[in-house]
Amino acid sequence: CVVSSSCKNEYFDRPPKSQITVDNFYQNAEQVNASTLLLYSAPWFGYSGKGGWSITEMSGGNGRTYSADIINFQDFSVTGTNFEISAVWNSLYIEVAQANAIINNLPTKVPASVDGAVVNNALGEARLWRALAYFHLVRVFGAVPIIENTFDYVADYQVPRHQVTDVYKFIVNDLKFAEANCYAKTRSGVSPSNAKVSSGSASALLAKVYLYMQDYANALAEANKVINSGEFKLYGIDVPGKSFADLFLTANNNNEESVVALQWAGNGGYGRGNPFQAAVAYNSQITGTGDGYGQMAPTFDLQDKFDPNDLRRKATYMLPGDKYPEINQAAGGYTLPADANSQGTHAQVKKYVVGTPADNGGTGGAQSSANNTYLMRYAELFLIKAEAIMAGAKTSADPEALAAINTIRRRAGLGNLAVIDRTGFVTNPTYVAGSNKRGEHWATVYRDDLLDERRREFAFENDYFYDLMRLDGYNKTSHPIALQIIKQQDKGTSDSQTPPNRYGNGYLTNITDASFVFPIPATETAADPKLNEAPVPYVFK
Amino acid sequence: QNGSTVVKGTITDEKGVTLPGVTISVKNAQISVISNIDGNYTITVPATGKVLTFSFIGMERQEVSINGRGVINITLKSSTTSLNDVNVVAIGYGTQRKQDVNGAISSVKAADIANIPQVSVDQLLQGKAAGVTITQNSGGPGSATSVHIRGITSLTLSNEPLYIIDGVPVSGDANNRTTSGRSQQLSGNNGETGVSPLSFLNPSDIESIDVLKDASATAIYGSRASNGVIIITTKKGKAGNFRVGYDGYYGIQQQGTQLPMLNLKQYAKLQNALADVIGISRRGEFANPELLGEGTNWQDEIFKTAAQQSHQLSFSGAKDNTDYYISTGFVNQDGTVLGNDYKRYNVRANINSQVKSWFKVGGTMAGSYSFQNTSLSNNTGIIYTALLSAPDQVVYNADGTFAGPQADQVGGQNNPVQQALRITNNLARYNFNGGLYADIKILKDLTLRSEGNGDLNFSAAKLFRPTYNNGPRFVNLTASLQEYNSNSVYWTWKEYLTYTHTFAKKHYLQATAGHELININYKDNSAGVQSFLSNDLQSLSLGDAKTATLGEYIGPTDVLESAFARAIYTYNDRYSLTATFRSDRSSKFAQGHQTGYFPSFGASWRLSEEPFFQNLKSVADNVKIRLGYGQTGNQAVPNYLYGSALNAVVTGQGTGFGIDKIANPNLTWETAIQKNLGLDFSLFNNRIDASVDFWKKSSKNFLFQAALPAFLVGQTAEYSGTGVISPPYVNGGELKANGFDISITSRNIVSKNFKWNTSIVFSHYANKVASLYTGVPFISQNVTTSFLALPVTRTQVGTSVGEFYGYKVKDLFRTPEQLRNAPIQFGRPMQTGSGGTYLGDIQYEDLNNDGKIDANDQTFLGNPNPKFTYGITNNFSYKSLDLSIFLNGSYGAKIFNVLNYQIAGLGSLYQNQVAYVASFWAPSNPTSNVPRPVAGDNPNLLNSDRFIESGSFLRIQNVTLGFTLPSSLAKKIKVERLRFYASGQNLYVFTPYKGLDPEIGSVNQNVFLTNVDLGRFPIPRTIVFGVNASF
C-alpha cells in the first residue's frame, strides 16, 4: 500500500480493539441481558457518595455533621456551587443517559434472532432505572428537564425544565412499561438471580410513586399486587432465622426482601464500590482501609424516636459500648468506644457499615465496599399499604392497615398498634417553658405513627427528607407542617456528661419553603440558562 | 609543466584546529590533492587554473581566487554551526539557507540554550523564540510544559506543536489525547498527571531548534501542523580531530517564596472565632491563644533544598566521508517538594556516511530511561495538604511515629510529610527513538531520500498506598497497589525526491515531492491489588488475589498516509516563491471524510539586493519582505470518534457495559488558515538584526468536543466519571487570532576584548471566538475544589478563550442600613447563620439592575491570556569572561486563584488559613475586606472577581557567569576548550500575584482552564556550577 489510490479503504478502517462497538453488541440474548448491568451500579456512585444521604438524612434531621463539605445540607444553605449537589445531579443524569442509550439502541440493533421477550425485559429494566433516576431528580430538584434521547439535543441544548407533574407522569409511564415487560419472579434465598429487577419491582415502585402523587387507590392496588404475588419475603417474618440486622450484611446481598438494590463491585475500586461506610463509619479500625471519617452521626432527634426495645436501633446506629461481632472479626469484633462522639451526639451510624474487607469475604477496599444499597425493600410495601388505605385520614383502625404496619412493628420487637394515629401537631403534655430538655422544649409535638415508623425503619436508607417533603401534599410549594417538624428537630450537640447535657443549639431558623427544592448546579445553569426559567409542560411522544 | 605554479598552505577550522583530509582542487581542471595530517597541502596549478576549491565533509565549501599567490591559508567554516548568520534552516523534508526562507521561522541554536539547568527541551525554549509562549504547568521535576506557538488555535484539542526530532514526529500532547486520552502517570490525589513528552531528549544533544510558525512554513506537515512545528536537529560529528566533550553541572534548588500562613497563636484565635460562628464550644487548649507558640510551619516541612546535577559526555568526529556523534548523559533532579525527584539516563548515536558519490546513508539512534517520583501530584496534592495542615498538629509523635489530627477533627488533614515519604508513586519511562535514511543521487540535481523512523515508548507507573497509623484520625490497615503500563509504537516511512537546479545562473529551483506513511499503535494495561502483609515488597503478586482488578486498553491503530510537494523558486536572489501542497488521509475519520488537502504559498522580496538600495546598504541591509498564506489541519483527536463503542465496567453482577460517547460519523478535518506578513532587516552594518511578523489565523470546520451539559450525557460525579457519555466531537465554529512577533538582536559593543549583545523577543497575540457550533451559546468550564464545583470560565462569541466569568464584588455589608437597602442576594433572607445574608457578607453588584442578585448578575472578569510576553537576553564577554542575563516576562494576564477557596475560605474547622484572613470582618473590625466566616459553601465563595489577580510577572530567569580558559593555556594542558560557569535559574520574580508562582499554565493543558491556580508546584530557584570541556 504505497500510494493512496492503491490502498483499499479497509486499510483506513480502524475500530477499537479492546471495546465492543455498538454495532457489534446486542447480538444475542446474553449480550442483551448484560446491556443493562451498568444501570445497577456505577452511575449511582455520585448520588450515593455523600450528596444523596446529605439530602435525605441531614436535611431530614436523622444525621448531623461538622464537616464543611456537607454542613450546608443540615442547615439548608446549599448553593448551586455545592460540590455534592453537582454530584447528585450529574450522577442521576449519567443513569438517565445510559438508560436512554439502551432504550434507543435495543430496538434498532438487536437482530430478529433474539427472543422479543428478552429484548422487552431489558427495555423494561432500562425504563425502570430511568424512572428511578427521575424519581430521585424530581424529589431533589423539583422541575427538571426530561430527556428521552440525548441526540435530540446535541445541536441545541438550551432545554427548559419540565413541570413536576409531567415528570411524575413520565415516571409512571416508564414504570408501567417495566411492569408489563420485565420478567415476573419469585425470590427465594440469597441469590444473584435476585439482583435484577422484575415486573414486581416495577409494581412496588409504582406503589411508592402513586403514594407521592397521593393517588391512594392506585398505590394500594400496586402494593396489594406485590404483597399478594408472594415474590418477596420479609426477613424475620417470612424468612425465619433472619433478622432486621441481617438485611445489611454483605453476605445477604440480593435477599428475598430486596426489591431494587444497587449492585456494587467490592473489588472495582473507587467509583464502582459502595462509598457509604467510608464516609460514616466512626473510624478506620472499622473499615480497615484507611477511611471511616465519621462525617455523619445520628442526631438526638433520631435517637429520641427509638424505643430502647426497638430491635432496629442497634442495627441502625451504634452507641458507646455496643459490640458488633461481625465487624473487625480478626480482632474479635468491634465495640464502639465510650468517647465516640464524632458529631457531638455520642452515637455513630451502623446501618450499611460492614467492616473490613476480611469481614466481607475478602472484597471491598478504600471507599468501595461490596454491600448492596437498597433503593427499595419489601418492608416498605407494608407501610405504603397502610398509608394508602388511610388515604390521608388522621386516624384509622382499618384491620388491613393495622395488619400491615404491625407486621413491621412486630419484626422490630414493638407492640401492635390498635389505631394508627396521624393527627399531626398536638399539645405537648410535658412542655416546660424555657426548657432545653428532651420532650419539654416545644409546646406542640408532631404525632404521626406512620411517618415515625417509616423513619425508624428506613433511617440512613435515603428516604426521610423525601417523606417530609410530601407531608404537605403532592406538588406543593408550601410546606407548613414539614417546616415546623424540621424546626423542632434537635440537631444539636451536647457535652460529655453522663447522660450528656444537650446544648439545644440544633434548632433551625434558616429553613423556608424554598428549602424543599435544591438548587440546580451552577455549572448547569451556566451552560443552559433556560434552567433558571419557569418550567414548561412536557410534550409526551 | 608550462606556466604551472605551486600553491601551498594550511587549512584550519574556525577554532584554529588544523584539518587533515580536506580536498583541494583546481576549479575546471581534473587536479586535486588532500591535506596531510597537519592540515598542510601542496598543489600544482596549471596556467589555466585561477580558482582553488576547498571541500570537506561538514564544512562549507570555499572557492578562492589564486591571484598569483603561492601560499593560501584557509579557514573552513562548519556548515551546520551557527557561528555566523549564513546558516541553514530546517523547513521540513529538507533545508534552506536562512536568507532564502519565505515563511516565519524562529531558530534557536545550541549556544542560546546551553548552560540553562532545565531538564527538558520545551522548558528551555522559554523566552528564546518570538511567538512561542511557554509555561511550565508545574515546577515538579519531569512535569509537562505548555508550548503554544502564536497563542492557541484549538479549543478542546491539543494546542501543543508537532515536534520533529531528526525526522521523527513526536506529539507535544502530554495527555495522549490522540491515542487513549490517558496519561502515563497515576495520581494519588486526583491531581494532574501529564508528563512531558519531550523529556527523554537531552538538551545537550541539540544542535538547533527551528520553530515553524506560519502556515506557509508548516503546511508541508499538513494535518498536524496547525499548532506550529518545532524541528529539532541533534548534533552531528564535525570535521576535524576526534573530539571528546564534557558538559556538566551540579547545583542546588530551593523554594523561593512561602505563603504567609497562620501560626499557632493566630490559628487558635481563628479556631475560637469559627467555633463561635458554627455554634460549638471552643477548644479547651485554645482558651488562651497568647500562651501558645508558633506551632508547626508545614511549608518548612515539605519544602527542602534539593540537589540537581547533569553530566553529558560526547564523542564526535568526521573522517573518511563519515561523521559520527555519540553521547551519553545523566540527569538527577531532586525535587524541592518532598517526595519528588527525577532521574534520566540517555544515549545517542548519530552517524552519516557518504558511501559513494551518489549514495549517502545515515542513522540516528537514541535511547533513554527516566524515573520519576511524585508521591502526591500537582494540584490538590502535597502543597495543598501542607497549607491546610493545622499548626497545632506535629509531624512526628514523641516516639518518632507520624502524627495526625485528633479523631473528631473533621476537616483535619492527613499528615503531608508521611504521605510524601511513604506513598510510592513512580513512573519509569523507556524511549527508543531512531531512524535510518539513504540519500540516492539519481541525477546530478535529483536526489531520492528514503527514510524510516520509529519512536517506541514504554512506561510503567506504580502507585502504592501503604498501611499507616497517623492516628487517631487517619489509620489505614489495608495497603493497596496499582500498576499501569502503557506502550506506544510509532513508525513512519517516507520517500521523497528533491530536485535542485539553477537555470541560466539566476533562476534557482528546488522542488520536492514525496509520500509518507505514519502508523501509531497504543496499548495500556492496568492492574491493582490490595491487602499486603508488608509495605516493603510492593508487587502485584503479594496482594490478596481476591481483590485484584484488571483493565486493558488497546487503541485502534492510527494510520495517516500523505503525499506532499513543494517548489521553491528564487530569481536572482531577490524574488522568491514557495508553494506547498499536502494531502493527508487519516483513519480517524469515517470513509468519505478521511482525506484533507492543505495548500500554502509564500513569497519574499529582498529589497536590499535591488540596485536602488545600494546607497542605503550602510544603514540597512538584508531587508526582506515576506508574505505567507497557508492552510493546515489539526487531527489531534482520539480515534474512532465516528462510531460508538461500549466501555466495560465491573459491577456487582459481573461486567456491565456503558456507551462511551456520542458518535459523529460526519466528523472531518478542520482547516486553519493563516496569513503572515514579515519583515527582516539589519541595521548599521549588521549591528542590529531584526525580524517582525504580523499574523492572522482563522479556521473553518473547527474541530472540537462539544461541551454538553450533564443533563444530556452525565458528568463526573463525586470524582467518578464512570458511565459518563463523552460528548461528540464536531466541526463548527470559528476562532480568530492575530498577533505579532518581534525579535531583535543587537551587537551593542563589539570591541576586541569586550562584547555586549542584546536579544529581545516580544510576542503579542489575541484570540477571539468568531462563532461556535450551532446551538452552543457558550462554553462554560468548571473546577472542583473541596466542597465546591464552580464554573470559572466562559467562552462565547466575541470573547477570548477561557475568560474568567462570575460576579463582581461591590463591598462587604458593613451596616444594617446597607443590608436593608441592598438587593436581596440569591433569595437569602437577612439573618445570621449560613443560610442568610448578614453583616460581613459580600455584597455583589446588581449588574442587570433588576433589584436582586442572582445568576444573571455575572459577567466577564478577566482574560487569562497575556497581552504580551517577552524575553530579554544580554550577553557580555570580556576576554575570557562571559556573562549572560536572561529576563523573561509576561504582562496583562489574569489568574483565578482557586487555591484561595481553600486557604482563604474560612469555611472549615481544623484547617489552617493564609494569615491575612484572620482579620476577617466583625463589628469590632469594621474596615476589613475579608468576609465573615460561614460554615461550608455560601455565596461569599461564588466565582467572583475577588479571586482574580494580576498574573503579570518579570522573572530573572537565568544569570550565567562563565570563564573560558585562554586558548594558549588550554593548549598547554591539551584541552581544546575549557569553560567554568555558575548559573542561577529563576532567581527572582517581580509580580503582584499573591500565590506561590504567577506562572500557572493550563490545568492538564486544557485551554479553558488557563491560569487557574489549584495549588501548583512552584518553580524552584536553582543555582548550579558547571563545566564545558572539549578535548
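Each reported figure results from applying straightforward, stated rules to the coordinates on display, with no laboratory input. Quick caveat, the model's predicted, so the values are computed rather than measured. All Cβ positions, glycine included, derive from the backbone under ideal geometry; neighbour counts span all protein chains shown.
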* Structure fact -> For the table A:LYS169/A:LYS530; B:LYS213/B:LYS444; A:LYS208/A:LYS323; A:LYS185/A:LYS541, the rows whose alpha-carbon distance is greater than 25 Å are B:LYS213/B:LYS444; A:LYS208/A:LYS323; A:LYS185/A:LYS541
* Evaluate the relative contact order of chain B (contact order divided by residue number), counting alpha-carbon pairs under 8 angstrom at least 6 apart; express in whole percent. => 11 percent
* Structure fact -> Whole-percent tail of the Cα-Cα distance distribution for the protein assembly as shown, cut at 57 Å, equals 29 percent
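I need the trypsin sites (Lys or Arg not before Pro) found in segment A:1-94, filtered to DSSP loop residues with at most 10 other beta carbons within 10 Å of theirs. Let's see the in-between values first.
Numbers: sites: A:LYS8, A:LYS17, A:LYS50, A:ARG64; in loops: A:LYS8, A:LYS17.
Sparse-neighbourhood loop trypsin sites (Lys or Arg not before Pro): A:LYS8.
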* Asked: Which FRET efficiency value, to the nearest 0.05, do you get for B:LEU497 and B:ILE973 by plugging their Cβ-Cβ distance into 1/(1 + (r/R0)^6) with R0 = 45 Å?
  -> 0.35
* Go from 0 up to the bin containing the longest alpha carbon distance in segment A:1-104, width 10 Å each, and give me the % of pairs per bin. => 13, 27, 20, 16, 14, 5, 4, 0
* **Length released on extending from B:THR424 to B:ARG820, taking residue separation times 0.36 nm less the Cα-Cα span** => 137.0 nm
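Taking the Cα centre as origin and putting +1 on Lys and Arg beta-carbons and -1 on Asp and Glu beta-carbons, what dipole magnitude results for the protein assembly as shown, to the nearest 20 debye?
Numbers: 132 positive and 128 negative charges, 975 e Å.
For this selection, approximately 4680 debye.
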* Structure fact -> Sorting B:TYR569, B:PRO816, B:ASN888 by the position of each Cα along the dipole of chain B (Lys, Arg +1; Asp, Glu -1; all at Cβ), the one nearest the positive end of that ordering is B:TYR569
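Can you give me the Rg/Rh ratio for segment B:536-603, using Cα atoms for both radii and the Kirkwood formula for Rh? Don't skip to the end; give the middle numbers.
Details: Rg = 25.5 Å, Rh = 17.3 Å.
My calculation of the ratio gives 1.48.
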* For segment B:626-700, just list the percent of Cα-Cα distances falling in each 10 Å bin from zero outward, please. => 15, 23, 19, 16, 12, 9, 5, 2, 0
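How big is the antiparallel share of DSSP beta bridges in the protein assembly as shown, given as a percent to the nearest 5? Please report the intermediate quantities before stating the final value.
On the way: 395 of 410 bridges.
DSSP beta bridges in the protein assembly as shown are roughly 95 percent antiparallel.
Magnitude of the Cβ-charge dipole of chain A, K/R +1 and D/E -1, about the Cα centre, nearest 20 debye? Mind dumping the intermediate values first?
Details: 47 positive and 54 negative charges, 85 e Å.
Roughly 400 debye for chain A.
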* Evaluated over chain B, the Cα radius of gyration and Dmax, each in Å -> 31.5, 116
* Working out 0.36 nm times the residue gap between A:PHE540 and A:ALA418, then minus their Cα-Cα distance, what length gain in nm do you get to one decimal? -> 39.4 nm
* Alpha-carbon centroids, segment B:722-766 and segment A:100-161: separation in whole Å -> 49 Å
* Hey, how much of the P(r) for segment A:409-541 falls beyond 19 Å, as a percent of Cα pairs? -> 67 percent
* Give me the number: length gained by fully extending B:LYS768 to B:ASN925, i.e. 0.36 nm times residue separation minus the C-alpha to C-alpha distance, one decimal in nm. => 52.1 nm
* Structure fact -> Using alpha-carbon positions, the gyration tensor of chain A gives root eigenvalues a ≥ b ≥ c; with a/c under 1.5 called rounded, otherwise prolate if a/b exceeds b/c, else oblate, the class is prolate
* Given a Förster distance of 22 angstrom, what is the FRET efficiency for B:ARG69 paired with B:ASN241, based on the Cβ-Cβ distance and rounded to 0.05? -> 0.20
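Which of the chymotrypsin sites (Phe, Trp or Tyr not before Pro) found in segment B:268-376 are loop residues per DSSP with 14 or fewer other Cβ atoms within 10 Å of their Cβ? If you can, show how the numbers build up before the last one.
Numbers: sites: B:PHE286, B:TRP298, B:PHE303, B:PHE315, B:TYR324, B:TYR325, B:PHE330, B:TYR342, B:TYR345, B:TRP358, B:PHE359, B:TYR369, B:PHE371; in loops: B:TRP358.
When the chymotrypsin sites (Phe, Trp or Tyr not before Pro) of segment B:268-376 are filtered for loop state and at most 14 Cβ neighbours within 10 Å, B:TRP358 remain.
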* To do: Specify the angular offset, from 0 to 90 degrees and rounded to the nearest 10, of the alpha carbon long axis of helix B:264-278 from the longest principal axis of the alpha carbons in chain B.
  => 50 degrees
* Asked: Once you put a point 7 Å from the Cα of B:THR257 and another 7 Å from the Cα of B:GLN406, both along the Cβ direction, what distance in nm separates them?
  -> 3.6 nm
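Can you give the FRET efficiency to the nearest 0.05 for A:LYS176 and A:TYR474, using r as the Cβ-Cβ distance and R₀ = 22 Å? Intermediate values should be presented prior to the final figure.
On the way: r = 18 Å, r/R0 = 0.84.
It comes out at approximately 0.75.
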* Asked: Cα extents of segment B:5-75 along the three principal axes, largest first, in whole Å?
  -> 33, 20, 18
* To do: Hey, could you grab the Kirkwood Rh for segment B:874-952? Inverse mean 1/r over distinct alpha carbon pairs, Å, one decimal.
  => 16.0 Å
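List the trypsin sites (Lys or Arg not before Pro) in segment A:290-398 that DSSP assigns to loop (not H, G, I, E or B) and whose Cβ has at most 12 other Cβ atoms within 10 Å. Which are they?
Working: sites: A:LYS305, A:ARG312, A:ARG313, A:LYS314, A:LYS323, A:LYS350, A:LYS351, A:ARG377, A:LYS385, A:LYS394; in loops: A:ARG312, A:LYS350, A:LYS351, A:LYS394.
Those that pass, being in a loop and sparsely packed, are A:LYS394.
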* Asked: Hey, what number do you get for the protein assembly as shown at 222 nm if only DSSP H runs of n ≥ 4 count, each worth -39500 (n - 2.57), divided across all residues, to the nearest 500?
  -> -4500 deg cm²/dmol
